[in-house]
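Enquirer: Handing you a structure now.
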């Protein structure tokens, strides 16, 4: 099976049912709310998820993503709203009667049971014949590439292997939707990155809808077909990883997903959209400004890698050009980040791929530099 590229599994397959007005979601959430005393954890959430999606609920701690996942699993009862799964109302159905399964952050493996017995536990509870249980357990172990580990106990496995066994146990019952609660949080960075691609390939192979909760932006961007960014119990934006990153709909989303520089200003009327910004110290030219009117207060978002950084002054008459002094440098191996203090006093971040060795760096601390970007590299945000 071909390895997926980050954030492109759905696009690579040409699978985009959310753009089809005739497509029916497998999971339909309507006006779902949940409070714990005076705290509103989930606030009238509407959400459609389609069969075969790898969908991510992304947000900081306390944003409501885990509470939403627990309501989908049936562990928490909503105060209001509805959950429809494959046309059936699941709102009041207990967890054990829902065609979903949940993979917990802790993996929740039974320490006294072998790997085989851990995976088979749910099937035995359903009373399946022993021969079918054995075949499905073997199939699940092969799926997670651990066919020879069935006799081991959980303590005899590495963290990555325990994660795979928890996934096998979740998939063996063949749920319509698999819910994953921060499943990679306990893994080290390298193993986590490797496992992300394994999860994508397994999900594509089994064709089950995955809904993952994570606070890790890179994780969501790599694996998900679409992402719902949550903020204080509400969904701030739902879109593909590329759209979320390149076309955020608010300062919150732009700031939460990756790094961003924000310049406050006012839109100036004229044939070319222009933002007058005291923070930037220059007029900012936009490629377009649909729906905006002259005089409106807004923010211009520019990602660090969109900047072209140079020690050479730009030609006279250049647009979208800032000047400042290098305040700090972060060397990340493949990329260097530069914190630059503009002449206006505002601090911005620029990023540049390390195409030469570090010893050959042409820009260093306290250098005066100039930052330029194209009009299409910026996004105008009203809130």
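Enquirer: Scan segment 279-322 residue by residue and report those that are surrounded by 13 or more Cβ atoms within 10 Å (Cβ to Cβ) and farther than 27 Å from residue 253 by Cα.
Expert: Answer for segment 279-322, where residues must be surrounded by 13 or more Cβ atoms within 10 Å (Cβ to Cβ) and farther than 27 Å from residue 253 by Cα: 310, 314.
Enquirer: Applying the selection to segment 223-237, what residues are within 16 Å of residue 15 (Cα to Cα) and surrounded by fewer than 24 Cβ atoms within 10 Å (Cβ to Cβ)?
Expert: 226
Enquirer: Cβ-Cβ under 7 Å, sequence separation 6+ or interchain: first residue in segment 16-29 and more than 18 Å from residue 208 (Cβ to Cβ) and in the same structural domain as residue 211 (by TED's automatic domain parsing), partner part of a helix (DSSP H, G or I) and at pLDDT below 90. Which pairs?
Expert: 16/10
Enquirer: Using the structure shown, decide if residue 127 is modelled with pLDDT under 90 and either crowded, with 16+ Cβ neighbours inside 10 Å or in a helix (DSSP H, G or I) (or both).
Expert: No; evaluated as a whole, the condition is false for this residue.
Enquirer: Considering only segment 131-159, state which residues are part of a loop (DSSP other than H, G, I, E, B) and farther than 12 Å from residue 114 by Cβ.
Expert: Passing the criteria: 144, 145, 146, 147, 148, 158.
Yes/no matrix, rows are residues, columns are (1) exposed (fewer than 15 other Cβ atoms within 10 Å of the Cβ); (2) touching a strand residue (DSSP E or B) at 6+ places or on another chain (Cβ under 7 Å); (3) within 26 Å of residue 246 (Cα to Cα):
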residue: 331; (1), (2), (3): yes, no, yes
residue: 343; (1), (2), (3): yes, yes, no
residue: 348; (1), (2), (3): no, yes, yes
residue: 352; (1), (2), (3): no, yes, yes
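Enquirer: Are any of the residues in segment 281-301 without any contact (Cβ under 8 Å) to a residue 12 or more places away in the chain and assigned by TED's automatic domain parsing to the domain that holds residue 375?
Expert: Yes, some residue in segment 281-301 is without any contact (Cβ under 8 Å) to a residue 12 or more places away in the chain and assigned by TED's automatic domain parsing to the domain that holds residue 375.
Enquirer: Name every residue in segment 124-144 that is in contact (Cβ under 8 Å) with a residue 12 or more places away in the chain and within 30 Å of residue 32 (Cβ to Cβ), in order of residue number.
Expert: 126
The values are calculated or read from the model by the stated rules, or taken from the named source; none is laboratory data. Here the structure is a predicted model, which is why all the values come from computation and not from measurement. Quick reminder, even Gly has a Cβ in these numbers, built from the backbone with ideal geometry, and neighbours come from all protein chains shown.
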